[in-house]
1. Show me the ranking of peptides 140-151, 769-780, 399-410 by mean Cβ neighbours inside 10 Å, starting with the highest.
2. Starting from the Cα of Lys374, draw a straight line to each of the aspartates and glutamates and keep only those under 15 Å, dropping any in the same chain fewer than 8 residues away.
3. Can you give the accessible area per residue of the range 634-715, in Å², using a 1.4 Å probe?
4. Through the Karplus equation 6.51 cos²θ - 1.76 cosθ + 1.60, θ set to phi - 60°, convert the phi angles of the range 55-62 into ³J(HN,Hα) values in whole Hz; use x for Gly and Pro.
5. Please calculate how many Å² of accessible area the range 286-369 carries per residue, with a 1.4 Å probe and no DNA, RNA or ligand atoms counted.
6. For the range 635-737, which GluC sites (Glu not before Pro) pass both filters: DSSP loop (anything but H, G, I, E, B) and at most 11 other C-beta atoms within 10 Å?
7. Shape of the range 68-107 from its Cα gyration tensor (a ≥ b ≥ c, root eigenvalues): rounded if a/c is under 1.5, otherwise prolate when a/b > b/c, or oblate?
8. Please give me, ordered by residue number, the trypsin sites (Lys or Arg not before Pro) of the range 688-738 that lie in loop per DSSP and have at most 15 other Cβ atoms within 10 Å.
Amino acid sequence: MELKEYQIKVIDKLKEYLSALDESRKEYLEFLEFKPNLAKFANFPKEAWNKSVGNIYHSNENGIGEPLAELYLKVPTGGGKTLLACHSIDLINKIYLKRQTGLVLWIMPTSQIYRQTILNLKNREHPYRQVLDISSGGRVLIKEKTDNFNRLDVEENLVILMLMLPSANRQNKETLKIFQDSGEFTDFFPDEDNYELNSKLIKKISNLDCFTSLGIEDEQFAGITNLNQPKTSLGNTLRLLKPIIIIDEGHKAYSVNARNTIRNFNPSIIIELSATPPKQTNKLVEITGKELNEEEMIKLDIHLTNKTSFDWKDTILCSIEKRNNLEKTAENYEQNTGINIRPINLIQVERTGKDQREGKFIHSEEVKSFLIKKCNIPEEHIAIKSSDKDDIEGIDLLDKDCPIRYIITKHALQEGWDCPFAYILTILTNPSSQTGITQLIGRILRQPFAQKTKIKELDECYVYTFRQNAANLVKGIKSNLESEGLGDIAGRISIDSDDDSISDVLKENIMQYRDKFKQFEGKIYLPKFVIQEKESWRDVNFEADILSQIDYENLEIDTLLEISLSNIRKQEQELIIGLSDEESELVKEKGRFEKSGRLKINESFLTRQILDIIPNPWIGMKLGQKVIKLFIDQYDNETVSSNFVFIIEKLKKQLEKERDKAAEKVFKQLVIEKKLHFFLITDKGGFKIPPRIKVYSNKQLIRDDNTLIQRSLFDIVPEENINELEKSVAIYLDQQEKLLWWYRNMSKQDYHIQGWKRNKIYPDFIAAEVNSDDKTDYGNVYVLETKGLHLKNEDTKYKQDVFALCNELGIKKAWKELDLDFPDKKMQFQVIFEDEWKSKINKIFG
């Protein structure tokens, strides 16, 4: 699965910290060896944080007093937290723990999230599982707390132990099975009568639970007084293995009991993922709702209709009509694209239980009956989801043949349930009810297939309520969006209500050209790469025009032989247990032998790992076979098998590098052959800065001296949609005397350039200097992309190369050749960095 830009940002930041953590830990271990008494003062996770992150670090320890790296990844609802968790496990093992196997304790807060996650992790075809498979060499075991595992399992596999938060929240430790001696984990502990080894183990892992060690006698162990006997419990086994701990929705694990219990498992590191990190956490990275929207992960805007009718049935009729209209639009979309979307209406009621059908509350069965009898909706189109009735259990709601179009619930879908086909939320709770009327808003935000349809109705979502106080309703929705980590997009609510009491929501504004720039309205065109078809032009289609031209079979892979394979071959032991001939014992070990611990060479497995780079599975299989042969010719089968995962990782990197090189070659060859042009186009398919733009804002950008912005092309510049670097650049541009106007280009929706990589380039600013011959007109136009210093990377180099090509082609182009109503302007494209933007702007407009 190809990662989104914001997901790459998370992974890059985590890599940076883990590398610093690895270095700091090495220094810590050296310190520990020579000055063990002072080791407690060596806080290596904090030192690594100071080197790589720099803001305030909150120190923690595990249950035996070792410094504990505890990190928070703030990712909003719909941002792919589980996928990031899988990649985090891979990075921790590779960079920090230097292994492929071991134990991971994965803690989840609700049964809904638990069931959904474990189902996906057990599915070998799911992207989550594939990340773990490639990380471990196909050796993944998914376990629940009732499952057993032994020492060999952990040594030879990546064991993922799934645990519900209540199981980890130790309130009465002797009553919870996880802390009780089970006799099922004896493989991790010395024999009962080996007092010396048990004493050493307890000294090393000082927080192990031991029989009678707390003065508590279990009836099943009455009479045992040996204080040097650890319990062979799952809890003690976790303490011995020092697992990686992943906490999903980490903010729910912040009770004192929960935190103490989790840290007392002696984790090597804790990674928490949540949309709303609590205070006093080490927030490594923060992803915003805006970033999710730019990557087409969520539906926006949110349309809120508040009906004034006293009858809830009027509200549901209105939402039914909207759903039916959406389905007609979706059917037309499917005819044109082949992509099926079946809009679903979530209906929130006040009661769902069998014994709760009281007249004063709106009940799920009552709503279902109304839908069937009064609205002629087939019963198979309706499902109820509650604590005692689950009509959607085991049903794939995305399946084309699934009939469900209405889901009635109370709170059962509040979190951990994801269905991108959910477009409408109908809230039928009584206006006087104090239940959380907006708690389901996050369930309708996910965009189907993480790809905008470019049809407005299918890229937005809808909320219907009745007789609510509009101001309180909006406040509730904003609060819920904040709890989903989407507070920065809370202004994207379009309200259909006569209530004037709304004051704290971002207002809809229409940006227009400033009066002094009205003469340019509809006449500012920007060049783009286009393909000529007969007598018309169209945008570059990256897959059809670039990727399809790549000769994947002949991508250069021979250089892979420059890497060296390890000669270390893991061995695993197989024990044979049988009936004993001796009366004193029932069973005995009959024999043991060693066998290879390597991963079998699997061409199909290799092919699956590269299909996101090589789109044709047959070519992928051929390349995989070629790579395997290359290494087998140079090494032996056992060495190649032992290094199979390493080879796959190197192959993916090599293929990505060669694909990008080939794509660049195809792109530039199309330019040479005059099939691909860098043109200004005025008819359909071209880009011109629009005359009006709808925005949501309560605060306009102002200069440092508190005066209003004066040189922006539009009369409004919302401050909410601009980061600190962009804000500084915008204000500085606005103060340049030789600048006539500037325009803040909106990512994912405004002017863009399609280069030879998949993601389009959306520059940050377009600025025009004053025409030296006519002060009311503009001269050269500058397209500017700003970059923070921490973002100087391969992607930045790519943008610089694309801009260089644009400048080269722009110099050769006289725009007047195209008979446009557009002056013969020069255009220049530049990437400017955080440490140089002032000097660059001074050079342009000085």
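1. 399-410, 140-151, 769-780
2. Output for Lys374: Asp311, Asp314, Glu321, Glu365, Glu366.
3. On a per-residue basis, the range 634-715 sits at 52 Å².
4. My calculation for the range 55-62 gives 8, 4, 10, 9, 6, 9, 10, 7 Hz in order.
5. Accessible area per residue, the range 286-369: 44 Å².
6. Glu673, Glu737
7. Verdict is prolate for the range 68-107.
8. Loop-located and lightly packed - Lys699, Arg703, Lys738.
The values are calculated or read from the model by the stated rules, or taken from the named source; none is laboratory data. For clarity, every value in this text was computed on a predicted model and none was experimentally measured. In this analysis, Cβ positions are derived from the backbone assuming ideal geometry, glycine residues included, and neighbour counts consider all displayed protein chains. For accessibility, only protein heavy atoms count, side chains too; no ligands or nucleic acids. Shrake-Rupley method; radii C 1.70, N 1.55, O 1.52, S 1.80 Å.
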